[in-house]
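S.K.: Dropping the structure in here first, questions after.
The values are calculated or read from the model by the stated rules, or taken from the named source; none is laboratory data. On a predicted model such as this, the values are computed, not experimentally measured, just so you know. Glycine gets a Cβ as well: all are built from the backbone with ideal geometry, and neighbour counts include every protein chain shown.
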Amino acid sequence: MTHALYLARRAALARLIGPHGVAVLPTAPEQQRNRDADFPFRADSYFYYLSGFTEPKAWLVIRGDGRTTLFCQPKDLEREIWDGFRLGPDAAPEALGVDAAFSVTELDTRLPALLDGCDAVWFPFATHAGLESRVDGWLGKLRSRIRYGTLPPETQRDLCGPLDEMRLIKDAHEQDTMRRAAGISAEAHVRAMRLCSQMLREGKEVREYHLEAELLHEFRRQGSQYPAYGSIVAAGANACVLHYRADAGRVRDGELVLIDAGCELDGYASDITRTFPANGRFSGPQRALYDLVLASQHAAVAATRAGARFTDPHDATVRVLAQGMLDLGLLNKDKVGTLDDVIEKRAYFAFYMHRTGHWLGMDVHDCGSYTEPSEIGQKTERRDALTGETLIDRPARILQSGMVLTIEPGIYVRPAEGVPEAFHHIGIRIEDDAIVTDTGCELISRGVPVDPDAIEALMRD
């Protein structure tokens with residue numbers, strides 16, 4: 001991709017911070033894993049969004065007049081033998097479309113001059129350890145020379161605000177990348193499903209890490225750079241642990257397997273969850289709960305469209321799940337009352353304790369406010385039925401075309417008094433990635449089936 005897209009984004013940000021603002025943004029720091037080994041480096045999402053530059057130890061400075069300065073590692077042929085190619089300041093302007101570039105070793109020397117004459121300095125609050133102190137140091141140098149005519153910025157502003165709003169609406173390039181990421185992840189899920197039933201048919205021992213290996217293989221085979229997050233591969237009762245990580249658990253004939261996994265492609269995440277029978281055949285109780293979760297997802301999908309509220313899919317999901325819990329005997333009608341009582345008292349929370357979705361983009365839990373900006377001053381108070389705490393509710397975000405979110409209802413049944421034993425230790429979640437459109441939403445992760453009959457057919461093949 002050319003640098004035109006990043007130029008446009010920087011120009012848009014310059015307009016948002018105003019003609020006399022200046023934005024300062026570092027990339028992510030390198031992280032040591034142990035002794036002399038580092039974790040694989042990934043650029044800061046904000047930084048990559050504005051530059052497309054993936055090297056560590058880099059900074060962007062964007063002034064309100066649109067002029068951009070990059071600070072990056074200098075060329076060093078000896079270090080490049082060990083660590084790989086560096087673009088270097090001389091090549092950066094043409095390669096990245098920035099106006100000027102300097103060695104990062106000159107950052108503290110040059111930054112005060114770039115801040116001079118601006119009325120506000122913008123940087124991401126609470127995201128980079130020590131950044132506030134660096135900014136204070138640069139401003140201190142300017143203030144020490146006020147008698148010589150310097151004009152330090154009088155205001156410090158959080159850069160996350162305007163950048164979050166920019167990133168919340170995905171452009172055509174971003175949507176295309178996310179479709180490709182979701183397609184890769186869907187094929188990885190298909191591969192894991194098929195391997196699971198095949199190994200069990202052949203009498204082989206199946207472990208959670210066998211299925212994780214299939215996911216990772218397919219991610220890399222199709223060119224994705226990394227998993228978007230730590231893969232969840234949970235067999236049997238492990239599926240009732242929401243953030244369970246793929247481990248060495250035994251995958252047993254007759255149990256369900258929950259896989260929550262997605263790749264990251266060119267800086268953009270995918271996030272898919274499927275639950276399937278290890279042997280390729282749902283039992284009666286498994287199918288009953290699965291059908292309930294799938295019906296709740298259908299209701300959430302129908303509620304996802306431009307003009308709806310972010311909370312509408314969740315409310316639709318809860319209503320279907322709560323009624324199903326009453327119908328299947330997970331909740332005792334004599335104790336919890338009617339459907340409306342279950343929802344008001346949050347009696348469903350014992351079996352469904354998370355929200356139905358989140359923003360998705362460069363980060364798997366992507367940035368962006370969940371409160372509607374045009375109604376930010378409105379709020380109501382209510383008493384939480386479970387904790388007794390007073391909660392403040394603000395109007396939920398109004399969905400717009402181009403937003404991307406997950407739709408992920410679930411149900412998790414742990415043994416408890418009054419809970420039918422046939423449902424014990426069953427955990428089910430179904431998650432898809434959705435691009436909001438004017439007429440509804442586009443599910444970009446359905447390359448792996450959700451219909452239970454289709455899942456069984458896939459695993460038989």
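S.K.: Within the stretch 375-386, is there a residue that is β-branched (Val, Ile, Thr), modelled with pLDDT of 95 or more and farther than 30 Å from HIS424 by Cα? Even if it seems obvious, please write down each step before you answer.
M.R.: Step one: filter the stretch 375-386 for residues β-branched (Val, Ile, Thr), giving 376, 380.
The next check asks that each one be modelled with pLDDT of 95 or more; those that pass are none.
No, the stretch 375-386 contains no residue that is β-branched (Val, Ile, Thr), modelled with pLDDT of 95 or more and farther than 30 Å from HIS424 by Cα.
S.K.: Let me ask something additional. Any chance you could count how many residues in the stretch 220-239 are in contact with a Leu (Cβ under 9 Å, 6 or more places away or on another chain) and assigned to a helix (DSSP H, G or I)?
M.R.: Residues that pass the stated criteria total 3.
S.K.: May I pose another question? Starting from residues that are touching a residue at least 60 places away in the same chain (Cβ under 8 Å) and among the polar types (S, T, N, Q), keep the ones in the stretch 390-413 and report whichever is surrounded by the fewest Cβ atoms within 10 Å (Cβ to Cβ). Walk me through it before giving the result.
M.R.: The first filter runs over the stretch 390-413 and keeps only residues touching a residue at least 60 places away in the same chain (Cβ under 8 Å), leaving 395-413.
Retained after the next criterion (residues that are among the polar types (S, T, N, Q)): 400-401, 406.
Details: GLN400: 13, SER401: 15, THR406: 25.
Among them, the one singled out is GLN400.
S.K.: For the stretch 166-209, give me the residue count where each residue is farther than 30 Å from ILE17 by Cα, of a type outside the set (Lys, Arg) and without any contact (Cβ under 8 Å) to a residue 60 or more places away in the chain.
M.R.: Initially, the stretch 166-209 is screened for residues farther than 30 Å from ILE17 by Cα, giving 179-209.
Then drop every residue that is not of a type outside the set (Lys, Arg), which leaves 181-190, 192-193, 195-200, 202-203, 205-206, 208-209.
Going one step further and asking which of them are without any contact (Cβ under 8 Å) to a residue 60 or more places away in the chain, we end up with 195, 198-199, 202-203, 205, 208-209.
Qualifying residue count, the stretch 166-209: 8.
S.K.: Every residue in the stretch 168-182 that is part of a helix (DSSP H, G or I) and touching a strand residue (DSSP E or B) at 6+ places or on another chain (Cβ under 9 Å), please. Lay out the reasoning, then the answer.
M.R.: At the first step, the residues of the stretch 168-182 found to be part of a helix (DSSP H, G or I) are 168, 172-182.
Within the stretch 168-182, LEU168, GLU174, GLN175, THR177, MET178, ARG179, ARG180, ALA181, ALA182 meet the criteria.
S.K.: Got a sec? Which of ALA322, ALA308 is in the same structural domain as HIS243 (by TED's automatic domain parsing), among the aliphatic types (A, V, I, L, M) and surrounded by 21 or more Cβ atoms within 10 Å (Cβ to Cβ)? Step through it out loud before you land on a result.
M.R.: Values: ALA308 fails: surrounded by 21 or more Cβ atoms within 10 Å (Cβ to Cβ).
ALA322 is the lone residue from the list that is in the same structural domain as HIS243 (by TED's automatic domain parsing), among the aliphatic types (A, V, I, L, M) and surrounded by 21 or more Cβ atoms within 10 Å (Cβ to Cβ).
S.K.: Looking only at the stretch 275-307, how many residues end up being among the aromatic types (Phe, Trp, Tyr) and either outside any helix (DSSP H, G or I) or at pLDDT below 95 (or both)?
M.R.: Taking the stretch 275-307 first, the residues among the aromatic types (Phe, Trp, Tyr) are 276, 282, 290.
Adding the requirement that they be either outside any helix (DSSP H, G or I) or at pLDDT below 95 (or both) leaves 276, 282.
Result for the stretch 275-307: 2.
S.K.: For the stretch 345-389, give me each residue that is in a helix (DSSP H, G or I), loosely packed, with under 15 Cβ neighbours inside 10 Å and under 27 Å from the mean Cα position of the chain (by Cα).
M.R.: Step one: of the stretch 345-389, the residues in a helix (DSSP H, G or I) are 345, 347-350, 373-375.
From what's left, loosely packed, with under 15 Cβ neighbours inside 10 Å: 345, 349, 373-375.
Matches in the stretch 345-389: PHE349, PRO373, SER374, GLU375.
S.K.: Out of the residues in the stretch 308-329 that are under 22 Å from the mean Cα position of the chain (by Cα) and in a loop (DSSP other than H, G, I, E, B), state the one that is nearest to ILE411 (Cα to Cα).
M.R.: Among residues in the stretch 308-329 that are under 22 Å from the mean Cα position of the chain (by Cα) and in a loop (DSSP other than H, G, I, E, B), the one nearest to ILE411 (Cα to Cα) is THR311.
S.K.: OK, next. Could you list, in sequence order, the residues of the stretch 96-125 that are touching a Leu at 6+ places or on another chain (Cβ under 6 Å), among the small types (Gly, Ala, Ser) and either assigned to a strand (DSSP E or B) or farther than 25 Å from ARG147 by Cβ (or both)?
M.R.: Matches in the stretch 96-125: GLY97, ALA101.
S.K.: Now for a separate question. All but one of (1) under 23 Å from LEU168 (Cβ atoms); (2) loosely packed, with under 14 Cβ neighbours inside 10 Å; (3) of a type in the set (S, T, N, Q) hold for THR437, so report the exception by its number.
M.R.: (2) is the only condition that THR437 fails.
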